[in-house]
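In what follows, a single structure is set out as structure tokens and then discussed.
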Amino acid sequence: MTERTVVARIGKPHGLHGEVTVQLHTDEPERRLADGEALDTEATSGSGVPRVLTVRSTRVHNGIWLVAFEEIPDRTGAESLRGTRLVIDGEAALPAQDDEDVFTEEQLRGLTVVDPEGTVLGQVGGLELGAAQDRLLVLLPDGREAQVPFVTAIVPTVDLQAGRIVVDAPPGLLDLGV
């Protein structure tokens with residue numbers, strides 16, 4: 001089975017003509033969500049979401065990406081897509097240019113999180129992309145989840161080969177877990 005990479009997660013409907021908001025998980029939304037692109041979907045079993053969605057149009061409204069699909073003509077159909085992941089196969093996920101500081105959620109998920117002294121703090125549970133900065137979702141040993149800004153000042157080292165991420169968290173950051 002081929003490794004799959006999440007391009008975006010579908011959020012709420014926007015308007016009456018089938019547009020949806022998306023949370024991007026790619027540095028190349030113009031390429032990944034170009035008109036005519038067919039994207040595989042991952043959705044809850046039995047949800048009725050098509051296995052493939054074809055991009056009809058994209059636009060940015062107030063900083064939020066809106067996408068419409070050929071298969072979804074109206075708001076009712078768009079509502080059924082909420083929470084669906086748009087995915088591509090691993091080889092297609094590679095960035096157009098080699099950037100050693102670009103990581104996919106799939107590369108990061110499961111990595112051990114350690115402090116600068118090597119003490120295990122938890123495990124990466126995911127990556128949440130934000131408008132200002134991305135956040136690592138760190139699963140703490142006590143079951144809570146902490147959001148750590150994915151910036152060099154706090155996450156100085158990502159070592160995929162060693163399977164670990166160094167987090168130099170300011171005091172109290174990991175105590176803000178939910």
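I'd like the residue in the range 152-166 that is aliphatic (A, V, I, L, M) and outside any loop (DSSP other than H, G, I, E, B) and, out of all such residues, is most open to solvent (accessible area, probe 1.4 Å). Checked the range 152-166; the qualifying residue most open to solvent (accessible area, probe 1.4 Å) is VAL158. Within the range 1-35, being open to solvent by 40 Å² or more (accessible area, probe 1.4 Å) and either farther than 20 Å from ARG109 by Cβ or of a type in the set (Ser, Thr, Tyr) (or both) holds for THR2, LYS12, HIS14, LEU16, HIS17, GLU30, ARG31, ASP35. May I ask you to verify whether THR41 is free of Cβ contacts under 8 Å to residues at least 60 places away in the same chain, of a type in the set (Val, Ile, Thr), within 11 Å of THR84 (Cα to Cα) and assigned to a strand (DSSP E or B)? Yes.
May I ask you to verify whether GLY36 is small (Gly, Ala, Ser), assigned to a loop (DSSP other than H, G, I, E, B) and touching a residue at least 12 places away in the same chain (Cβ under 8 Å)? So GLY36 fits the description; yes.
Filtered by the rule that a residue be over 21 Å from ASP89 (Cα atoms) and surrounded by 16 or more Cβ atoms within 10 Å (Cβ to Cβ), the range 113-131 gives VAL113, VAL114, LEU121, GLY122, GLN123, VAL124. Per the conditions (1) among the aliphatic types (A, V, I, L, M); (2) in a strand (DSSP E or B); (3) free of Cβ contacts under 8 Å to residues at least 60 places away in the same chain, the sole criterion not satisfied by VAL7 is (3). Screening the range 43-75 for residues that are over 13 Å from GLN23 (Cα atoms) and in contact with a His (Cβ under 7 Å, 6 or more places away or on another chain) and picking the one that is surrounded by the most Cβ atoms within 10 Å (Cβ to Cβ) gives ALA68.
The values are calculated or read from the model by the stated rules, or taken from the named source; none is laboratory data. Since the structure is predicted, the reported quantities are computational estimates derived from the model, not experimental observations. Because the Cβ atoms are built from the backbone with ideal geometry, glycine has one as well, and the counts that use them run over all protein chains shown. Side chains included, ligands, DNA and RNA excluded: accessible areas come from the protein's heavy atoms. Shrake-Rupley method; radii C 1.70, N 1.55, O 1.52, S 1.80 Å.
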